[in-house]
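Below: the structure, in structure tokens.
The values are calculated or read from the model by the stated rules, or taken from the named source; none is laboratory data. These figures come from a predicted structure and were not determined experimentally. Quick reminder, even Gly has a Cβ in these numbers, built from the backbone with ideal geometry, and neighbours come from all protein chains shown.
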Amino acid sequence: MKQLRNTRQRQLVLAAVRARRDHPSADQIYLDVRAVDGRISRGTVYRNLSILEESGEILHVKVPTADRYDNRLDLHYHLLCMGCGAVKDVELPYHRELDRELAEKTGYFIARHRTVFEGFCPECRRRK
Ligand SMILES: [Zn+2]
Ligand SMILES: [Zn+2]
């Protein structure tokens with residue numbers, strides 16, 4: 001019975017991450033899940049986010065302000081607005097050749113690189 005409840009809670013958390021394209025924080029996911037299941041605790045949501053991340057079902061994006069979650073699993077870069085904190089996907093190709101070049105130079109196995117571009121979005125620029 002407990003197992004079933006765990007599975008259901010995990011599915012709720014996964015659905016909440018997949019439903020958003022704006023790279024939500026753990027807290028935003030908690031609020032979304034909470035709207036569906038009023039009894040779920042913050043700890044449960046956070047724990048399930050970690051489990052889903054470990055199993056590779058979701059990715060997290062490290063940005064200077066907070067850890068955010070991503071509904072995309074392919075390698076891509078991010079754009080952070082330093083004004084409103086919005087995190088968007090960058091429509092530029094991922095440069096696999098950088099990983100290869102560094103691997104050759106250093107002998108490391110390079111799994112990936114992460115790039116976060118920082119600036120101000122058009123709305124924040126207009127407000128200035
Ligand atoms: Zn902005
Ligand atoms: Zn993304």
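Per-residue answers, yes or no, for (1) modelled with pLDDT of 95 or more; (2) over 15 Å from the mean Cα position of the chain (by Cα):
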{"site": "Asp70", "(1), (2)": "no, no"}
{"site": "Met82", "(1), (2)": "no, yes"}
{"site": "Glu101", "(1), (2)": "yes, yes"}
{"site": "Tyr108", "(1), (2)": "yes, yes"}
{"site": "Arg112", "(1), (2)": "no, yes"}
{"site": "Cys121", "(1), (2)": "yes, yes"}
{"site": "Cys124", "(1), (2)": "yes, yes"}
{"site": "Lys128", "(1), (2)": "no, yes"}
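Which residues, taken from segment 1-35, are closer than 22 Å to Val87 by Cβ and assigned to a loop (DSSP other than H, G, I, E, B)? Can you show your working first?
Initially, segment 1-35 is screened for residues closer than 22 Å to Val87 by Cβ, giving 13-35.
Matches in segment 1-35: Arg20, Arg21, Asp22, His23, Pro24.
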Kindly indicate whether any position in segment 52-75 is farther than 30 Å from Arg8 by Cα, hydroxyl-bearing (Ser, Thr, Tyr), surrounded by 13 or more Cβ atoms within 10 Å (Cβ to Cβ) and within 16 Å of ligand 2 (Cβ to nearest atom). no
Residues of segment 13-32 being surrounded by 23 or more Cβ atoms within 10 Å (Cβ to Cβ) and either free of Cβ contacts under 8 Å to residues at least 40 places away in the same chain or among the hydroxyl-bearing types (Ser, Thr, Tyr) (or both), which ones? Val13, Ala16
When you scan segment 104-117, do you find a residue that is of a type in the set (Asp, Glu), in contact (Cβ under 8 Å) with a residue 12 or more places away in the chain and either on the phi < 0 side of the Ramachandran plot or out of contact with any helix residue (DSSP H, G or I) (no Cβ under 7 Å at 6 or more places or on another chain) (or both), even just one? no
Condition met for Thr106 (surrounded by 11 or more Cβ atoms within 10 Å (Cβ to Cβ) and polar (S, T, N, Q)): no
